[in-house]
Amino acid sequence: MRKSTSFGKWNSMGHLSEKINAQGGPLLAEEHITAVPRSSQLNYETLKVTTQDNITTITMNRPKKKNALSLQMYKEIALALDEAARNDCVLTVLTGFGDYFSSGNDLTNSLKRVFETTEEKINTSFNPFRDLVSKVIDFPKPLIAVVNGPAVGVSVTILGLFDLVYATDRATFQTPFSKLALCPEACSSYTFPKIMGLAKATEVLVFNKILTAHDACNLGLVTEVFPDSSFQKEVWTKIKDYAKLPKNALAYSKQLIRNVEKEKLHAVCEKELELLHKIATSDEAINAVMQFFNKSKL
């Protein structure tokens, strides 16, 4: 392999600022493989973050809560994505620890909004979500979801922004927004109709249809489904092979595919949040949240 001291670098915003070789093309970063997992330099309360074999893995780690996304987890995933955008990894993976990928938004977030009285406090509960979705939209490297179990709510809708989604055959995908008197988010009002067609997207997002992993794959939301018994082995073998490909070439190609719609996606996210802000504190939504918590206590 030809050695060079001038390689493409990631700037503070996570974008490539490439060096040019003698032939006029960008030089590709050398493959960097660590012998053992390298833990994140940041300390996370709700995540496990490691880098190994050119892959940064962000693992949601609240198994007792089925990896429900608390406000803290929203903030930490956003920080982990920032870290992954700047480091030497080729690919970034999001997965869950335990039986669930994620049970979605921690409804204590919703319960907290019920008792908020000021615009500032209400916005505080939405801002971590907005920030995370924006980070996913803007993420400069290939982003892969490894769905190790059931996914609910935002952990389903955000998958439309990922580059690849691999799922175990025991995974299910559910978006029960209407039951909670809420509306779609994470750009799913745009990405889902584009991925699976208007009628199917409506069935999933509006009428709470639960998809099996094979259903989700047939509709285009999931890239490939694996038997649960061999899921981890097969998925990570595939991802490690991908991570041996030239880093800059992968990033440039991903950005060519994704950047054309970034402005649209940001606008869709803001529109969804505007509506969520309006209806999340409505009597209908408050009653739905309270009924959920009353049922959970039975």
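In sequence order, the range 82-97 has phi-based couplings of 4, 5, 5, 5, 8, 7, 8, 5, 8, 10, 10, 10, 10, 8, x, 9 Hz under the Karplus curve 6.51 cos²θ - 1.76 cosθ + 1.60, θ = phi - 60°, and Gly or Pro positions carry x. Pairs over the 31 Å Cα-Cα cut-off, from the set LYS135/LYS278; LYS200/LYS254; LYS75/LYS247; LYS64/LYS264: LYS64/LYS264.
Applying 1/(1 + (r/R0)^6) with R0 = 35 Å to the Cβ-Cβ distance of LYS209 and LYS233 gives a FRET efficiency near 0.70. The distance linking the range 263-278 with the range 133-212 is 16 Å (Cα centroid to Cα centroid, whole angstrom). Here the Karplus curve 6.51 cos²θ - 1.76 cosθ + 1.60, taken at θ = phi - 60°, turns the phi angles of the range 74-80 into couplings of 3, 5, 6, 5, 4, 5, 5 Hz, with x standing for Gly and Pro.
Taken together, the values in this text are just the output of simple stated rules run on the coordinates, not laboratory data. Bear in mind the structure is a predicted one, so any value in this text is a computation, not a measurement. FYI the Cβ positions are ideal-geometry reconstructions off the backbone, even for glycines, and counts take in every protein chain you see.
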